[in-house]
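What follows is one structure encoded as structure tokens, with my remarks underneath.
The values are calculated or read from the model by the stated rules, or taken from the named source; none is laboratory data. No experiment lies behind these values; they were computed from the predicted model shown. Methodologically, a virtual Cβ is constructed for each residue, glycine included, from the backbone with ideal geometry; neighbour enumeration extends over all protein chains shown.
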Amino acid sequence: MFPADVYLERRKRLAQQVQTGVILLPGHNESPMNYPDNQYPFRQDSSFLYFFGLDSPGLVGVIDVDEGEECVFGDDLTVDDIVWTGPLPTVAQRCHAIGVTQTAPFDQLQTILSKAVDQSRSVHFLPPCRADNVLELQWLLGIAPDRIAVGVSEALIRAVVAQRSVKSPEEIEQIEIAVGITREMHILAMKMTADGLYEMDVAGAMAGVALSRGGRLAFPTIFSIHGETLHNHYHGNKMSRGDIVVNDSGAESSLHYAGDITRTIPVGGKFSRRQKEIYAIVLDAQEKAIEAVRPGVEFRDVHLLACTILVSGLKDLGLIKGDVEEAVAAGAHTLFFQCGLGHMMGLDVHDMEGLGEQYVGYTDTIERNPEFGWKSLRLAKALEPGFVITVEPGLYFIGELIDRWRAAGKCAAFIDYDMVERYRDFGGVRIEDDILVTEGGHRVLGEEIPKTIEEVEDMSSG
Ligand code: GLY
Ligand code: MN
């Protein structure tokens, strides 16, 4: 946990931004896997963590902006709880550490909020990502679950996004801790990956690294010889010499800040000539895109730059024909790069995505392009110092997509489908790093992780 002043200051700024009403920030509850007592590992709501810092279930933070009061609602453990889960300081004791002096039992929350509702005061809440929080809001505010989405407070969303987007030095330190653990996971994966092993052998070992460093995985690991499937969470394939594996994985620090790195590893320790060619294009796009990261630059332009480099490289290999800029304008690149170049990262690996990407990655004037490929760009707006983002271009050969585009004659003026067919079983390559936007440009977070063809081959087992 950060010092109490950090949380006090964050809440003070939030109240100033929201200006009036009552801010309601529910934490998460335990979440059962298959019966009530068998629960998923507890993960606190990220905005609750950001403003109230307490990493335990059953708590709700309330800021009465008009009265200048703050209170955490939650129940102390019963003796039965203590018997099964061990002792815990009281809610009041825990709140000392975050500078909150007022606490109350959970069942008083409804009375207080009903009063605010009866007085027609605004009760601001964020979009909940869990169903039990939706039901909790229904109980507290009398809003039907299907009306929660329209009842959320845009003022609160905007205030939270503005604050959480710019990372403080202590947050950057946490992200670098997460990236450090993530680096260990990636180096282990390079060393372990070998002909005859299963993906799950490596994925499991990487999860062990995250757990053994006091954290956990920041998101489900993608470790697959079918890296062309962007979020492939299946780990049951046997790896064979000649395959390439996309390893998109990351750890959380103990304070729940994320790392998110991707490397692509040759099984057997050596890339083939064709793999090297595709890898070199992706690496070039990634390095040049990172170079372009600086305050004021719109990330959609960095995405466009990466797309242009990818297309240019594919043209050199004969998969794309015609003018590169025209091919990108026509969307030809999206046959090979179907997603966005990156996203914000912080307490969530896709930071604040649950609050609405239009608030996190777009503005009133920079709207999402609904075209295939572009619609998956999570971040388009101008970068600011303190943003932490990922830069993760890739090239992916998806058989089903190739077939459909070819049958429809899509972008036929720019795509040599006979050549593309030869790469049908190629798989995918992605390379990703985590970048801090600084006043003067950018800084790649964490110590270097093998990335050039030579570095990856040297680290990989033969
Ligand atoms: N690491 C998975 C993603 O960024 O979508
Ligand atoms: Mn990512």
Going by the conditions given, is Val324 more than 22 Å from Leu126 (Cβ to Cβ), touching a residue at least 60 places away in the same chain (Cβ under 8 Å) and away from ligand 1 (no atom under 16 Å from the Cβ)? no
Scanning for something under 27 Å from the mean Cα position of the chain (by Cα) and part of a strand (DSSP E or B), does region 35-45 turn up at least one residue? yes
Between a residue in region 384-398 that is closer than 14 Å to Asp248 by Cα and outside any loop (DSSP other than H, G, I, E, B) and any residue that is acidic (Asp, Glu) and away from ligand 1 (no atom under 16 Å from the Cβ), which pairs come within a Cβ distance under 7 Å, given they are 6 or more apart or on different chains? none
Residue set Phe372, Phe387; condition modelled with pLDDT of 95 or more, away from ligand 1 (no atom under 16 Å from the Cβ) and either over 17 Å from the mean Cα position of the chain (by Cα) or of a type in the set (A, V, I, L, M, F, W, C) (or both); output residue Phe372
Is there a residue being closer than 18 Å to His350 by Cα and of a type in the set (Val, Ile, Thr) anywhere in region 256-271? yes
Just for region 403-421: of the residues that are within 22 Å of Lys276 (Cβ to Cβ) and in contact with a helix residue (DSSP H, G or I) (Cβ under 9 Å, 6 or more places away or on another chain), which one is surrounded by the most Cβ atoms within 10 Å (Cβ to Cβ)? Val420
Mind counting the residues in region 217-229 that are within 14 Å of the chain's Cα centre (by Cα) and either surrounded by fewer than 18 Cβ atoms within 10 Å (Cβ to Cβ) or assigned to a loop (DSSP other than H, G, I, E, B) (or both)? 4
Given the structure, is Tyr50 out of contact with any Phe, Trp or Tyr (no Cβ under 7 Å at 6 or more places or on another chain) and under 22 Å from Ala162 (Cα atoms)? yes
Which residue pairs have Cβ atoms closer than 7 Å, lie 6 or more positions apart in sequence or on different chains, and pair a first residue in region 257-268 that is modelled with pLDDT of 95 or more with a second residue that is more than 10 Å from ligand 1 (Cβ to nearest atom) and hydroxyl-bearing (Ser, Thr, Tyr)? Gly259/Thr182; Ile261/Thr182; Thr264/Tyr279; Ile265/Thr193; Ile265/Ser460; Pro266/Ser460; Val267/Thr193; Val267/Ser240
